[in-house]
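Data block below; observations after.
The values are calculated or read from the model by the stated rules, or taken from the named source; none is laboratory data. Values in this document were obtained by computation on a predicted structure and should not be read as measured data. Here Cβ is always computed from backbone atoms with ideal geometry, including for glycine, and neighbour counts include all displayed protein chains. Quick note on the areas: whole protein, heavy atoms, side chains included, nothing else; ligands and nucleic acids left out. Shrake-Rupley method; radii C 1.70, N 1.55, O 1.52, S 1.80 Å.
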Amino acid sequence: FKAPSTDHPALYRDLLRTNRVHWIAEEPPAELVRDKMMECHFRFRHQMALVPCVLTLNQDGSVWVTLVKPARAITPGQFAVFYKGDECLGSGKILRMGPSVYTMQQGKSRQEGPKKEEIDKLEPAT
């Protein structure tokens, strides 16, 4: 799939899954173990701004990362690096992506009701 523009909604995701996270100080952080979820920040490219997110811990040590707002061009194979304040908590390789913003928008538009063509069939134009 090649997106028609660099800002196309198909390039944006707000959910991803990593493999088992390599934690630096705590394995895994106490807050994540206790609450099964934890707010922090993440980035997946060296120079990019930190993105607020919520981590959800899976049984196998992997995490689901839910972003506060969708990020562009996240790709499986990149590393998600997690931070709390200035402290680097650890990182995990991105394995899977949630649906793109584009896919989500398509789903929403399908739920809004019948399309114009369907309405035309029901009510013949006079």
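Remarks
- Pairs are defined by a Cβ separation below 6 Å, a sequence spacing of at least 6 or placement on different chains, a first member in region 50-73 that is assigned to a loop (DSSP other than H, G, I, E, B), and a second member that is of a type in the set (A, V, I, L, M); the pairs so defined are Ala73/Leu11.
- Listed by first and then second residue, the pairs with beta-carbon distance under 9 Å, at least 6 apart or on different chains, first residue in region 8-20 and aromatic (Phe, Trp, Tyr), second surrounded by fewer than 20 Cβ atoms within 10 Å (Cβ to Cβ), are Tyr12/Lys69; Tyr12/Pro70; Tyr12/Arg72; Tyr12/Ala73; Tyr12/Val101; Tyr12/Tyr102.
- Unmet requirement for Met97, which otherwise passes all of (1) open to solvent by less than 40 Å² (accessible area, probe 1.4 Å); (2) of a type in the set (A, V, I, L, M); (3) out of contact with any Gly (no Cβ under 6 Å at 6 or more places or on another chain): (1)
- First in region 31-43 and at pLDDT 95 or above, second anywhere and crowded, with 17+ Cβ neighbours inside 10 Å and not in a strand (DSSP E or B), Cβ under 7 Å, 6 or more apart: Met38/Pro29; Met38/Leu32
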